[in-house]
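Undergrad: Handing you a structure now.
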Amino acid sequence: MQTQQKSDFSSGSVIRHILALAVPMTVAQLVQVLYNIVDRIYIGHLPGASSLALTGLGLTFPVITVITAFTNLFGMGGAPLCSIARGRGEEEKARRIMGNTFAMLCTFCLVLMVLGYLFLKPVLYLFGASDASYPYARDYMLIYLAGTPFVMLGTGMNGFINVQGFGRTGMMTILLGAAVNILLDPIFIFVLGMGVQGAALATVLSQLLSAVWVLRFLTGPKTLLRLDRGSMRPDPRLLREIVGLGTAGFIMSATNGAVQVACNATLRDSGGDVYVGIMTVLNSVRDVVALPIQGLTNAAQPVMGYNYGARRFDRVKKSIAFTSIASVAYMLVAWLLLFVFPEPVMRVFNSDPVLVAKGVPALHLYFFGFFMMALQFSGQSTFVGLGQSRQAVFFSLFRKIIIVVPLTLLLPRVGFGVQGVFLAEPISNFIGGLACFITMLFTVNRLFRGHAERG
């Protein structure tokens, strides 16, 4: 009886269901981000070469983002479909969706690892490396790439724990690994003198622990959907559905990578390595500050998907209203705090007075109107939760590729200089966020009317 209540989102308080998943998911995502954030904090304070080392670490973001993109292609595609299937009472289909997702993650993690080693040097230079920063980026990635299978399996399969209602277990998936990462980082980086290589090694060992934890749960006695060989047999129809919905998550990550490449290359040419380091700090701040909203909107997806599958449209609307209002309110507070305390935030990641002095005005520009990003998160999560992959894909492309990348390349060349790179982000938040949210509202109303007319 307790297990059934844990997995049934069609009864009880919608807000309580979302928060019950959001709190552990947010903690889990915070811990996941800490894998890289803690690395940046420690590397940013290395004696003698902190700015260059931090810049080198920032150059690895696009490569890591590509790995994340393929993880999302299958993980963020399979998990919502699994939730919808469970809402319809199709438990066997939900199990096969999970198994097919696992098989694709196993295949692509090996492909990406091999390609990463083969093309590492030209890729890093393409992504904005200079002769001074390349050695730091290379040393980090040579070790990090070995952990690709652990990253993709641990993160990609963790969503299947959450859609079953085991939010706390999903949180523990990452929490254990992050604790190890935080513990090992200072030992490897400073005590053993390994520098960026130590940061990478600590991260890989931590990700290994997370992957072992999630796979042990999904093959153990407590899971509602068990991962076994039979469920992994490729089903072309299911794979098309998984990839179709996961394309949104893939493009969201891939376009983040494209933006990072454009920013790093432009900043290297117009401002030098110090501005690439500043962008590394700003990306880190954004990742941390946006986590509660990502946790909230991601937690709403299985609740929306389950109730949509069960045709409880009133509960879907309540989910959308709650996540949207809470997201905007939080982002307003976050924007205010960043505006008032920019220098302490910068100093968390780096103690170089030049980087901090140049970084404060960049931070003010970059986070201007930050609350508008909440509309993008709310709209995207609703599209994904209801299985509307085309809209989710379009608005990922619209904000990043159609707005941010062109502005990043154009604004520095029309009189804004290096500040133009940081100005592109708030412009995209206002235009992209409004367009995504308004379209989501019209789409939801159309979907519900269509179901009502069909009876």
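Undergrad: Just need the Rg to Rh number for the stretch 348-424, please, alpha carbons only, Kirkwood Rh.
TA: Radius of gyration relative to Kirkwood radius: 1.10.
Undergrad: Using 7 Å Cα-to-Cβ label points, what is the Phe442/Val348 separation (nm, one decimal)?
TA: 3.9 nm
Undergrad: Can you list the residues of the stretch 392-409 with backbone N under 19 Å from a point 7 Å past the Cα of Phe430, pointing along Cα to Cβ?
TA: 398-409
Undergrad: How large is the accessible surface of Thr439 in square angstrom, using a 1.4 angstrom probe and rounding to the nearest 10?
TA: 50 Å²
Undergrad: Then there's this: Cα centroids of the stretch 65-114 and the stretch 173-188: how far apart, whole angstrom?
TA: First find each Cα centre; the distance between them is then 26 Å.
Undergrad: With the cut-off at 1.5 for a/c, could you classify the stretch 138-212 from its C-alpha gyration tensor as rounded, prolate or oblate?
TA: oblate
Undergrad: Scan the chain and note any complete DSSP helix (H) whose C-alpha atoms cover at least 20 Å along its axis and whose Kyte-Doolittle average is 0.5 or more.
TA: The answer, listed by residue number, is 14-43, 61-87, 91-118, 148-162, 167-186, 196-218, 273-289, 313-340, 419-454.
Undergrad: Can you tell me which lysines have their Cα less than 29 Å from the Cα of Lys317? Leave out same-chain residues fewer than eight positions away.
TA: Lys6, Lys93, Lys400
Undergrad: Hey, another quick one. List the residues of the stretch 84-122 whose backbone N lies under 11 Å from a point placed 7 Å from the Cα of Arg229 along the Cα-to-Cβ direction.
TA: In the stretch 84-122, the label zone of Arg229 (backbone N under 11 Å from the point 7 Å along Cα→Cβ) covers no residue.
Undergrad: When the Debye formula is applied to the Cα atoms of the stretch 325-455, each taken as the same point scatterer, what base-10 log of I(q)/I(0) results at q = 0.16, 0.20 Å⁻¹?
TA: -0.88, -1.14
Undergrad: With every protein chain left in place, what is the accessible area per residue of the stretch 161-319 in square angstrom, probe 1.4 Å?
TA: In whole numbers, the stretch 161-319 has 37 Å² accessible per residue.
Undergrad: Out of the total accessible area of the stretch 343-413 (probe 1.4 Å, heavy atoms of protein only), what percent is carbon and sulfur?
TA: Whole-percent figure for carbon plus sulfur exposure: 72.
Undergrad: When only the heavy atoms of the protein chains count and the probe is 1.4 Å, how do Tyr308, Tyr42 rank by accessible area, highest first? Write down the numbers at each step before the final one.
TA: On the way: Tyr308 25, Tyr42 60 Å².
Descending accessible area places them as Tyr42, Tyr308.
Undergrad: How much accessible surface area, in Å² rounded to 10, belongs to the heavy atoms of Thr65 with a 1.4 Å probe?
TA: Using a 1.4 Å probe on the heavy atoms, I get roughly 20 Å².
Undergrad: Evaluate the charge dipole of the stretch 105-241 about its Cα centre and quote only its size in Debye, nearest 20, assuming +1 on the Cβ of each Lys and Arg and -1 on the Cβ of each Asp and Glu.
TA: Once rounded to the nearest 20, the dipole reads 520 debye.
Undergrad: Under the rule of -39500 (n - 2.57) per DSSP H run of 4 or more residues, summed and divided by the residues of the chain, what mean residue ellipticity at 222 nm is obtained, to the nearest 500 deg cm²/dmol?
TA: That comes out to -27000 deg cm²/dmol.
The values are calculated or read from the model by the stated rules, or taken from the named source; none is laboratory data. This is a predicted model, so every value here is computed, not measured. All Cβ positions, glycine included, derive from the backbone under ideal geometry; neighbour counts span all protein chains shown. Protein only, heavy atoms only, side chains kept; ligands, DNA and RNA dropped before computing areas. Shrake-Rupley method; radii C 1.70, N 1.55, O 1.52, S 1.80 Å.
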